[in-house]
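Trainee: Sharing a structure here in C-alpha cells format.
The values are calculated or read from the model by the stated rules, or taken from the named source; none is laboratory data. Keep in mind that what you see is a predicted model, and the values were worked out from it rather than measured. We place every Cβ from the backbone using ideal geometry, glycine too, and count neighbours over all the protein chains shown. In case anyone asks, the SASA skips ligands and DNA or RNA and just uses the protein heavy atoms, side chains included. Shrake-Rupley method; radii C 1.70, N 1.55, O 1.52, S 1.80 Å.
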Amino acid sequence: QVQLIESGGGLVQAGDSLRLSCTASRRTFRSYAMGWFRQAPGTEREFVAGISWTGAYTYYADSVKGRFTISRDNAKITVYLQMNSLQPEDTAVYFCAARNAGVDTSSTEYNYWGQGTQVTVSS
C-alpha cells in the first residue's frame, strides 16, 4: 500500500521556524511531483507549495512566498517544507500529496495523500 508519512509539526510562537518532512513508501515517488497543502478548521484545503520530480521547479502560494521553501531528496524519497517567520494565520493541518504528473495547485489533481501534521502558531 502506498503511503506518505508526514512529520515535523508542532506548536511554535510567531516568528519561529519549523521543517516538515514527508517520506514516501515507494521508490516510484521519486518521479512524482509533490505538493504541500494545508487546511484550517472551516476552510478548504489550499495549496502551499509544490515541486517537480527533479526538484528543478518549485511553486508557492503568494501567502508563503519568501517564507517557506520546498525541497526534496529523491535518494531518501522525502520532500521537505521549511517554514520560517511563521504567523498565526499559518496554523493548519499540513498535508503532503503526490501526483504522477507535473505540479498542480488543485488538491483534486493529487492521487496520494499523507495523514496530515498539525502546525499551530501562537501569537
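Trainee: Which members of the stretch 74-91 meet the condition of being touching a strand residue (DSSP E or B) at 6+ places or on another chain (Cβ under 8 Å), closer than 14 Å to Cys22 by Cβ and in a loop (DSSP other than H, G, I, E, B)?
Mentor: Once the filter is applied, which keeps residues that are touching a strand residue (DSSP E or B) at 6+ places or on another chain (Cβ under 8 Å), closer than 14 Å to Cys22 by Cβ and in a loop (DSSP other than H, G, I, E, B), the stretch 74-91 yields Lys76, Ile77.
Trainee: I would also like to ask the following. Filter the stretch 44-56 down to the residues that are touching a strand residue (DSSP E or B) at 6+ places or on another chain (Cβ under 7 Å) and farther than 20 Å from Thr108 by Cα and list them by number.
Mentor: Gly55
Trainee: Select from the stretch 39-89 the residues that are without any contact (Cβ under 8 Å) to a residue 24 or more places away in the chain, touching a helix residue (DSSP H, G or I) at 6+ places or on another chain (Cβ under 8 Å) and open to solvent by less than 40 Å² (accessible area, probe 1.4 Å) and list them in ascending order.
Mentor: none
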